[in-house]
Structures are given as C-alpha cells and as structure tokens.
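The values are calculated or read from the model by the stated rules, or taken from the named source; none is laboratory data. Small disclaimer: the values here were computed from a predicted structure and weren't measured. Here Cβ is always computed from backbone atoms with ideal geometry, including for glycine, and neighbour counts include all displayed protein chains. Note: areas computed on protein heavy atoms with side chains; ligands, DNA, RNA excluded. Shrake-Rupley method; radii C 1.70, N 1.55, O 1.52, S 1.80 Å.
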Amino acid sequence: MVKLRLKRFGRKKSPFYRVVAINSASKRQGAPLEELGYYDPIRKLLKLNLDHVSAWVSKGAEVSDAVQRLVTLANGRTGEVIELPKREKPALAEKPAAAEQPAEAVEAAIAEKATDDAQPSEDASAAE
C-alpha cells in the first residue's frame with residue numbers, strides 16, 4: 001500500500017520535511033516513489049503539488065494525519081510557496097500588579113496600626 005507521509009531532513013533541532021509518496025512497508029528515510037512538496041516548520045513555508053497529491057489519493061494512497069493538515073493549509077494553491085501564519089504567544093497575566101496589591105494592603109495595615117497605637121497614648125496623657 002502507498003502512503004503519503006513526511007520524510008525528515010535537516011539538522012538536529014532544525015527539522016525540514018519533504019512530503020512523499022512511499023510504500024507503507026518502507027522506512028521513514030526510504031526511497032520514495034515520488035516527492036510531492038516540502039514543509040519547513042522553522043521558516044513556516046509550505047509547497048505542495050496538489051494535483052499529484054489528488055492523483056495518488058485517487059489511486060488509493062493513504063494520507064497521514066500530518067500531510068492531511070498540510071493539504072488543508074495549502075487550500076487549493078498548488079505549486080506556489082505558501083507562508084503559513086505564525087502563532088502568536090498568548091498574553092501573560094499581569095502578575096506584578098497582583099503582587100503589588102497585597103504589599104500595599106500590608107503597608108496600609110501597618111500604617112493604620114501605627115495610628116491606632118499613637119491615638120490611645122495621646123488620650124491617656126490628656127486624661128492625666
């Protein structure tokens with residue numbers, strides 16, 4: 001059976017993938033029947049020949065999950081290099097502001113206690 005899957009290239013921690021049609025019994029790095037495109041996750045680039053992908057699927061080739069996602073991202077644009085959108089990092093919650101509030105509350109409580117301690121001593125001296 002033929003599968004459409006990714007073949008890994010690139011250095012350690014710098015992956016680069018080719019989308020290939022390959023015999024399912026072959027190793028990941030085995031000789032492909034046909035190279036259909038490439039995917040660079042570091043630079044967010046994708047190029048697929050969707051005509052050849054659909055030809056292999058019509059012949060009964062099984063598509064891996066990763067290749068299926070890439071075909072969906074290609075979205076009908078065949079033969080051109082597609083720049084994929086980069087993920088935005090979620091905004092961090094403002095922890096410093098939350099940390100300041102308890103410190104301010106502690107300072108206010110200390111100041112309040114100091115004024116409370118000062119008032120009874122003044123009243124006591126006035127009574128004498």
Next on the checklist: If Gln29 meets every condition in (1) out of contact with any Lys or Arg (no Cβ under 8 Å at 6 or more places or on another chain); (2) not in a strand (DSSP E or B) apart from one, which number is that one?
Outcome noted: (1)
Next on the checklist: Within the range 25-43, does at least one residue satisfy the condition of being open to solvent by less than 40 Å² (accessible area, probe 1.4 Å) and touching an Asp or Glu at 6+ places or on another chain (Cβ under 9 Å)?
Outcome noted: no
Checklist entry - Quick check: anything in the range 14-22 open to solvent by 30 Å² or more (accessible area, probe 1.4 Å) and in contact with a helix residue (DSSP H, G or I) (Cβ under 6 Å, 6 or more places away or on another chain)? => result no
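Rundown of residues vs (1) acidic (Asp, Glu); (2) within 21 Å of the chain's Cα centre (by Cα); (3) under 28 Å from Lys86 (Cα atoms), yes/no style:
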residue: Leu33; (1), (2), (3): no, no, no
residue: Ile42; (1), (2), (3): no, yes, yes
residue: Asp51; (1), (2), (3): yes, no, yes
residue: Lys59; (1), (2), (3): no, no, no
residue: Val63; (1), (2), (3): no, no, yes
Next on the checklist: Of everything in the range 73-86, what is open to solvent by 80 Å² or more (accessible area, probe 1.4 Å), at pLDDT 70 or above and part of a loop (DSSP other than H, G, I, E, B)? Give them in sequence order.
Outcome noted: Asn75, Pro85, Lys86
Checklist outcome for this item: Taking the range 44-60 and keeping only residues that are at pLDDT below 90, surrounded by fewer than 16 Cβ atoms within 10 Å (Cβ to Cβ) and on the phi < 0 side of the Ramachandran plot, one is left with Leu45, Asp51, Ser54
Item to check | Residues of the range 61-70 classified as open to solvent by 40 Å² or more (accessible area, probe 1.4 Å), more than 12 Å from Ser24 (Cα to Cα) and of a type outside the set (Lys, Arg), total | outcome: 2
